[in-house]
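See below for the structure under consideration.
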Amino acid sequence: MIASPLPDLVGRHRECEALDDLLAGLREGGSRVLVIRGEAGIGKTVLLQYLAAQASWTKVTRAQGIEADMELPYASLHQLCAPFLDDLDDLPAPQREALRVAFGMAAGDPPDRFLVGLAVLTLLTRASEARPVLVLIDDAQWLDQVSLQTLEFVARRLLAEAVAMVFAVRDPEGREALTGLPPLRIDGLDATAAGELLETAVGGRLEKRIRDRFVAEMHGNPLALLEFSRGRSAAELAYGLDSSGHPIVQGPVASRIERDFAQRLGSLPEATRTLLLIAAAEPVGDAGLLARAAAILRITPFTAPAKVAGLIELGESIRFRHPLVRSAVYHQATPEARRSVHRALAAATDPVLDPDRRAWHAAQAADGPDEEVAAGLERAAGRARQRGGIAAEAVLLERAAEVTPDRRPRGRRALAAAEAHFSAAAPDRATELATVAELCPLSSLDRARLARLRARILFARSRSDEAAPLLLDAAAQFTAAGSPLARETYLEAIGATIFAGRVHGPAGARAAAIAARASGAPPSGSGAADLLLDGVAALLTDGYETGVPALRGALELLATEELRTREATVRWLLLVPVALEAFIHYAWDLHAWDVLSNRAVRLARDIGALGALPPALIYAGGVHIHYGDFAEAARMIDEADALAAATGHAPHKYATLVLAAWRGEADVASGIIEEARQRADQRGEVSLLGAMGYIQGVLYNGLARYEEALEAARTAIEHDGFNFVGLSLVEHVEAAMRCGELDQARASLERLMDLTRAADSGWAGGASARSQALLADGDEADRLYRTAIVEFERGGVTVEVARSHLLYGEWLRRTHQRSLAREHLRKAHEMFDGMRAQAFAERARRELLATGEHVRVREAAVTSVLTPQESQVATLAAEGMTNAKIGAELFISPHTVEWHLRKVYTKLGINSRRALPGALASSPPRDDEGLVRAG
């Protein structure tokens, strides 16, 4: 037994030690996160009470998940943040407005839940500047979904703030919640501790056999032991019967506890039971609201018997002793009693100040179809959407459909509910409601929406080619209905074919483009989207000569189109991946790639769209790989992975693989490649196989493992994908030449020439010239290698400039032009070594050795000692950004920024921000750039 101000903490020494350690870390200024997991009654709430009692030196804020409140967006988050809202005006404007809209304090575009999360993180961080903050969340499995997601995001972003977050989660209901956060598993008490607790509760010793049986059947559950022993005689415990003759111990522990509470309810006066039912049905605990509802039901508030029975605690309002009491009160009541109470609560709730809760109570009170109730729920769903509560919107619309008397509006509401469930990442429920909608009469526009939804659900589950025909059918229906959604849906269908990995065939990108061009779909309302569809369709149907110029016509609008609303920005972020794939793989335009990817990063940051930010960062990181700035690419990939982890999304392995391939890190790439292949097979993402072929082509060519490069690149080409074919052809030509497969090299060169001819970019010109040079001889080869270098420089493709110097130098050495060979090989080695492209640098080193020149290993640059996050923070600080602005840029708190900067100062040997620019720009001196000529 442990000494504690809480008498029920028997046998919890291990758990209390863990909580004490958490508080010790918090006292030292570090962040802490813990998820206490266990079954109902196991002691989670008592441990939270212990934590609060031990942490009187902190600012404690609490949230309580309540099952009846799960449909109201941000209800729990508002409860937790209430003590800090006086500081709301100190938040950066985007965060402040997001939180105000989420909490219904202002009107505006629906906020991204991750921007709301950043606002909460900033709010808690600001509060912790006065004294540490301890956040306690009980019954987290019953938080409304968006509050739970937001708090999980905050927990994953804590690092250097004096904030601790402790969640209590009931299993098995909450088994899927908060996975990946540090757990503290709470099991039943051991036999000794459980027996001690039981005897303490009954005030005397029990016969060992009776005590052991009771302990075993309760599985050491403290609440079960305490509640079942409360008020029972030794005889009742000895013979296992309560005063009514019913067995004490039967069924699962949680249901036994709830059943025991229900039995105590039976002895209470009817007015007291009704009052408890009002409190159970209205979790806010507003004393005035409870009194008004009681008056409507014509009952006198009389709570003393419930307090004597150990069911409630009285303070400013009624508070149940345990969530299972609330559950027992609500579920033990008859359906008619529950409806009566909800009807009274609806009447007592202010229709202006709290219309959503009023609508919800009215819906729970309905005993059949009721259009007025359904309309109220639909309006509440619209308000939930405006606050960013998509999950709540889905539930409210679903209930609205259930109580809608007429089939036509029922179908419309069921469809809207299905769309909302899909947006809230609940595709199974979306499918069920789509089926409900399908059985109702729908307008032609709603039929098109239903078709698109079914295609989206299929695409989300499998990236195979089955979704594209369904999207094309939906687009045709939108066209027939004259809807501006038609062109957007055609773009979506083409995007689906890109993932499916085919250009030709009935389900390929070309078929989708032909359908789009022939449709006569009306304008979408976005000039950029319309021009993009026209350009991609021309590319796929008319060929490169017509398609690439048409595609370029969309670039200026994509880069500059004013996006007046958050919804318009989100739609732009959804269409830009198709644009990027087209500009990269057909226009060979690194500048367009840079412009569009950086605009995507900026827009995603501006509106807090953290779901769209990781892929935007990945695209931007790809630009820096081709610029030869691997360190910046690594920083972006690292940030994307951190955000993906914080938001519960899968990491983007593609960029990690491309970077590993250019660095020559075969050990890093091999495992990820195999994982990607399995994913491609499972989800039907054939485009992944094409990407893997290109990546392995780069990797193995760099490592001079040409047979493997040949096979990998050939596989990518044969997949006939929308993307990666051109890049794979470049790898295939080089590998085929090295392997002596001249026919294969010539065939790939011919196809590459066709693909690059219309692009008229430095990247395309360089790829074409260098690949031709590999198959040429004499002066023609010399001219083509020089042209390739010039063209790649014009296109800004630094990695390919370095590679062209390498290939040119290798050719020069083989043609016995040693002096000139050394010049280009030195340049290649210098560039690749500076990038940390180890495999290509080693190829250049070996070639230099063959010319009689030795190579000294370059020393590490000063910035290489920094982690990607530290480097990113240091770079922004060196540019003059404040900690607050850096935090807003990187979705971390200012405290975390300062924590990173302190580590940066130590690593760089400086002591202020003023020294950062010079420290970051410096690098250790090198002797003759690392090269020493032999002899």
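Could you tell me whether ALA521 is surrounded by 22 or more Cβ atoms within 10 Å (Cβ to Cβ), in contact with a Ser or Thr (Cβ under 9 Å, 6 or more places away or on another chain) and not in a helix (DSSP H, G or I)? Here the answer is yes, as ALA521 does meet what is asked. Do we have any residue at all in segment 563-571 that's buried (at least 23 other Cβ atoms within 10 Å of the Cβ) and among the aliphatic types (A, V, I, L, M)? No; the residues of segment 563-571 include none that is buried (at least 23 other Cβ atoms within 10 Å of the Cβ) and among the aliphatic types (A, V, I, L, M). Report whether or not GLN772 is touching a residue at least 12 places away in the same chain (Cβ under 8 Å) and within 28 Å of ASP594 (Cβ to Cβ). So GLN772 passes the test.
Consider segment 390-407 and keep the residues that are in contact (Cβ under 8 Å) with a residue 60 or more places away in the chain and farther than 14 Å from ALA359 by Cβ. The one that is surrounded by the most Cβ atoms within 10 Å (Cβ to Cβ) is ALA391.
Looking only at segment 459-472, decide whether some residue is small (Gly, Ala, Ser), part of a loop (DSSP other than H, G, I, E, B) and crowded, with 18+ Cβ neighbours inside 10 Å.
The answer is yes, given that some residue of segment 459-472 is small (Gly, Ala, Ser), part of a loop (DSSP other than H, G, I, E, B) and crowded, with 18+ Cβ neighbours inside 10 Å.
Here is a yes/no grid of residues against (1) out of contact with any helix residue (DSSP H, G or I) (no Cβ under 6 Å at 6 or more places or on another chain); (2) part of a loop (DSSP other than H, G, I, E, B); (3) without any contact (Cβ under 8 Å) to a residue 60 or more places away in the chain:
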{"site": "SER597", "(1), (2), (3)": "no, no, yes"}
{"site": "ILE618", "(1), (2), (3)": "no, no, yes"}
{"site": "ALA631", "(1), (2), (3)": "yes, no, no"}
{"site": "ALA634", "(1), (2), (3)": "no, no, no"}
{"site": "ALA640", "(1), (2), (3)": "no, no, yes"}
{"site": "ASP667", "(1), (2), (3)": "yes, no, yes"}
{"site": "GLY671", "(1), (2), (3)": "yes, no, yes"}
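Every condition in (1) within 19 Å of LYS44 (Cα to Cα); (2) of a type in the set (Lys, Arg); (3) at pLDDT 90 or above holds for ARG131 except the one numbered (1). Against the conditions (1) over 17 Å from SER804 (Cα atoms); (2) out of contact with any Leu (no Cβ under 8 Å at 6 or more places or on another chain); (3) crowded, with 23+ Cβ neighbours inside 10 Å, GLU731 satisfies every one except (1).
Scanning segment 408-446 for residues that are touching a His at 6+ places or on another chain (Cβ under 6 Å) and either assigned to a loop (DSSP other than H, G, I, E, B) or surrounded by 23 or more Cβ atoms within 10 Å (Cβ to Cβ) (or both) returns a single hit, ALA430. Considering segment 158-204, and only residues there that are of a type in the set (Val, Ile, Thr) and not in a helix (DSSP H, G or I), the residue that is farthest from the chain's Cα centre (by Cα) turns out to be ILE186.
As a summary of the residue check, ARG321 satisfies the conditions (1) at pLDDT below 80; (2) surrounded by fewer than 18 Cβ atoms within 10 Å (Cβ to Cβ) except for the one numbered (2). Among the residues of this structure, ARG813 counts as one that is part of a helix (DSSP H, G or I) and modelled with pLDDT under 95. Taking the conditions exactly as written (modelled with pLDDT of 75 or more and closer than 30 Å to ARG358 by Cβ), does ALA194 satisfy them or not? Here the answer is no, as ALA194 does not meet what is asked. Go through the residues of segment 783-796 one by one and say whether even a single one is buried (at least 22 other Cβ atoms within 10 Å of the Cβ), of a type outside the set (Gly, Ala, Ser) and within 19 Å of PHE630 (Cα to Cα). Checked segment 783-796: at least one residue is buried (at least 22 other Cβ atoms within 10 Å of the Cβ), of a type outside the set (Gly, Ala, Ser) and within 19 Å of PHE630 (Cα to Cα). Listed by position, the helices (runs of 4 or more DSSP H) inside segment 720-795 whose residues that are modelled with pLDDT of 95 or more and within 39 Å of the chain's Cα centre (by Cα) number at least 3 are 725-739, 762-774, 778-795. Could you tell me whether any residue of segment 288-301 is surrounded by 18 or more Cβ atoms within 10 Å (Cβ to Cβ), among the polar types (S, T, N, Q) and at pLDDT 70 or above? No, segment 288-301 contains no residue that is surrounded by 18 or more Cβ atoms within 10 Å (Cβ to Cβ), among the polar types (S, T, N, Q) and at pLDDT 70 or above.
Of all residues in segment 119-143, those that are outside any strand (DSSP E or B) and more than 17 Å from GLU898 (Cβ to Cβ) total 9.
Yes/no per residue for (1) more than 18 Å from SER526 (Cβ to Cβ); (2) at pLDDT 95 or above:
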{"site": "LEU558", "(1), (2)": "no, no"}
{"site": "ALA568", "(1), (2)": "no, no"}
{"site": "ALA582", "(1), (2)": "no, no"}
{"site": "LEU590", "(1), (2)": "yes, yes"}
{"site": "VAL601", "(1), (2)": "yes, no"}
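Within segment 144-157, how many residues turn out to be surrounded by fewer than 24 Cβ atoms within 10 Å (Cβ to Cβ) and assigned to a loop (DSSP other than H, G, I, E, B)? The number of residues fulfilling the criteria is 0. Of the residues making up segment 47-74, those that are surrounded by fewer than 21 Cβ atoms within 10 Å (Cβ to Cβ), in a helix (DSSP H, G or I) and modelled with pLDDT of 85 or more are GLN49, ALA52, ALA53, GLN54. Scanning segment 362-387 for residues that are touching a residue at least 40 places away in the same chain (Cβ under 8 Å) and surrounded by fewer than 23 Cβ atoms within 10 Å (Cβ to Cβ) yields ALA363, GLN364, ARG383, ARG385, GLN386.
The values are calculated or read from the model by the stated rules, or taken from the named source; none is laboratory data. These figures come from a predicted structure and were not determined experimentally. Don't worry about glycine lacking a Cβ; one is built from the backbone with ideal geometry, like all the others, and counts go over all protein chains shown.
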